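Data first, discussion second: the structure below is written as structure tokens.
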Amino acid sequence: MLLYVVSAVYVCYLAVKGGLGLATWNALFWIILLFAAFNALTRSFQREDAGRQLYLYTLVDPRSVILARAIYNGGVMVVLSLLSLLVYTLLLGADVLVEADLGQFVLSVVLGGIGFASVLTLISAIAARAGNGIGLMAILGFPLVLPLLLTVMRASKLALDGVAWSVTSTYFGGLVLLDVITITQAWILFPYLWRD
Amino acid sequence: MALLLWNEPTAAMRNWWKFLGIGLLLFASIAGLRIPLAPALVHVSPDRIAPGPVDVYVTGYNSSFGNDVKVRLVNEGDAVCASSVAVLDGTHLTARFDVPAGFKANLTDVEVDGLTYRGALFTEGLGSGIVEEQCPGVLDMQNSSAQEVGFAFPNRSILYESIRNLHFHVPMWFTMIVLMGISVFQSIKVLGSNSLDRDLAAEMAVRIGLVFCVLGLITGALWARATWGAFWTNDVKLNGAAVTGLIYVAYLVLRGSVQDAHKRARLAAIYNIFAFVLLVLFLFVVPRLNAIDSLHPGNGGNSGFSDLDLDDRLRVIFYPAVLGWILLGAWMYDLRVRAARLETTMDR
């Protein structure tokens, strides 16, 4: 996964020599992160055979399974996002971060990562159940991630501009709301998915 | 409503809402297309004036300029009447003014009888005001009823005749949301009961809802072209419409890729509920965050239609139109569900 991020960033680095505008820098970063999330989380439920699922089913509550998966995926996404931020700034330059409110930017990256993870965990479970993994995952997941993506891109853009907390806090509030509602929904709906 | 409960109602009660829907639609469509716009001034040339004699050419819309028409310039409380007016026809006239020096504001309004074109003329401002000459008949101008044509839609610059689209474009989205709501309701029931019949109903509601989504996009694109100059703009509401379309197309793709009927019912229901909640968040919460850059009325400092003067003239048609389209959507959905049920019965 890290290899994917590094190579994606490197391709961007080769493609755009010289400086990037603030808006482009931000957009490119989130596009890389979006596809990294899809790649990483598609495998969340795909790799399991029926036997192991049956074993888990007899052993624990399905709600624990989805919650554990979501937390694990969230963790993976946070680590992945922060690492890609590191590689990204190393290769593409940190000029845009000079005026940025770094705390806000990192917060938006973390919330965005958790949001991607929470939406895509349930979608990956649905896609795996439908038995037509990767293509279906993209079709089902993309429109649901889009609202999150638009909000988080705006929040991080404001953070890069160095806007005060009083302005950006509504966006972070919105992101937390989206994350919480998504995880709650996954927690409620997953048992029905698991039942046969 | 009976169609949610699936009990067979008595024959007398069964169809009243269909007739109501058709009646409302007929009323709203005919009235929405036939009612004229209120008269207004739409063009004034030249667009700047300097002190001295000047001929101003005024174009009206749906107006009826008579030979006794009163024309004047208004600049921050100062008024100048036309020295002579030549009426060409009901919508065109030329007025000659002796423009005095000393107007205070940069923009001058043109008034013809009761109608005003605000900021019609760019003026050399910064003067100290003029001595107002009272011209004959000007006092009557404020309450002149010469231009009243009875019930008419507001005539707004930029919108003009396209204001009628309010009665077609907006009800499409209302109807779509109602149908998607029905679909989610059925999906929740699917999870509780594993009923394939409810699954069928959920699918048909989505299919009919998508029809209204497409109609909303088409009417919206035409309206956007007429008022904003482009068929598609990067606007939160347009993004919302695009995401809605994608979500429900994805829902149908998901249905198409699962063979087993019970499994399909369950997966589709889960996706439907999950997507609908996120969609509601996206349509009604995220625009509040991004409200600054929407072109839609009621967002980002734009006035909503309810702020329009005399908006009641629109409401009288708009609410029946919304209810009529929703009832039509419900009827289409009802027919599709019944047809699909017959098909499944015949397959067995």
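The values are calculated or read from the model by the stated rules, or taken from the named source; none is laboratory data. These numbers were taken from a predicted model, which means no experiment stands behind them. Here the Cβ positions follow ideal geometry from the backbone for every residue, glycine too, while neighbour counts run over all protein chains shown.
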TODO: Of all residues in region B:109-121, count the ones that are buried (at least 19 other Cβ atoms within 10 Å of the Cβ) and not in a strand (DSSP E or B).
DONE: 1
- [ ] Determine, yes or no, whether residue B:326 is modelled with pLDDT under 90 and of a type in the set (A, V, I, L, M).
- [x] no
Open item on the list: If I filter region A:145-163 for residues that are within 11 Å of chain B (Cβ to nearest Cβ), modelled with pLDDT under 85 and surrounded by fewer than 19 Cβ atoms within 10 Å (Cβ to Cβ), do I get at least one hit?
Closed with: no
- [ ] Sort out which residues of region B:141-167 are at pLDDT 75 or above and of a type in the set (D, E, K, R), and write them in order of number.
- [x] B:161, B:164
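Here is a yes/no grid of residues against (1) among the charged types (D, E, K, R); (2) within 30 Å of residue A:130 (Cα to Cα):
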position	(1), (2)
A:20	no, no
A:36	no, yes
A:51	no, yes
A:63	yes, yes
A:88	no, no
- [ ] Could you pull out the residue among A:116, A:172 that is buried (at least 23 other Cβ atoms within 10 Å of the Cβ) and either at negative phi or facing chain B (nearest Cβ under 8 Å) (or both)?
- [x] A:116
Task: Failed condition for residue A:99, given (1) more than 16 Å from the chain's Cα centre (by Cα); (2) assigned to a helix (DSSP H, G or I) - done: (2)
- [ ] Answer yes if at least one residue in region B:237-244 is under 25 Å from residue B:341 (Cα atoms) and buried (at least 17 other Cβ atoms within 10 Å of the Cβ), and no otherwise.
- [x] no
- [ ] Those residues that are at pLDDT below 85, more than 24 Å from residue B:201 (Cβ to Cβ) and of a type in the set (D, E, K, R), I need them from region B:1-60; list them, please.
- [x] B:34, B:47, B:48
TODO: Tell me which residues, restricted to region A:122-136, are part of a helix (DSSP H, G or I) and within 11 Å of chain B (Cβ to nearest Cβ).
DONE: A:122, A:123, A:125, A:126, A:127, A:128, A:129, A:130, A:133, A:135, A:136
- [ ] Consider residue B:189 carefully, then state whether it is charged (D, E, K, R), free of Cβ contacts under 8 Å to residues at least 40 places away in the same chain and within 14 Å of chain A (Cβ to nearest Cβ).
- [x] yes
Task: Options B:217, B:210; residue that is among the hydrophobic types (A, V, I, L, M, F, W, C), within 14 Å of chain A (Cβ to nearest Cβ), in a helix (DSSP H, G or I) and under 30 Å from residue B:32 (Cα atoms) - done: B:210
Open item on the list: I need a count of the residues in region A:177-196 that are outside any helix (DSSP H, G or I) and more than 9 Å from every other protein chain (Cβ to nearest Cβ).
Closed with: 1
- [ ] Give the residues of region B:245-275 that are charged (D, E, K, R), free of Cβ contacts under 8 Å to residues at least 40 places away in the same chain and either assigned to a helix (DSSP H, G or I) or surrounded by 22 or more Cβ atoms within 10 Å (Cβ to Cβ) (or both), sorted by residue number.
- [x] B:263
Task: Residue that is modelled with the lowest pLDDT, among those in region A:24-52 that are assigned to a helix (DSSP H, G or I) and over 22 Å from residue A:80 (Cα atoms) - done: A:50
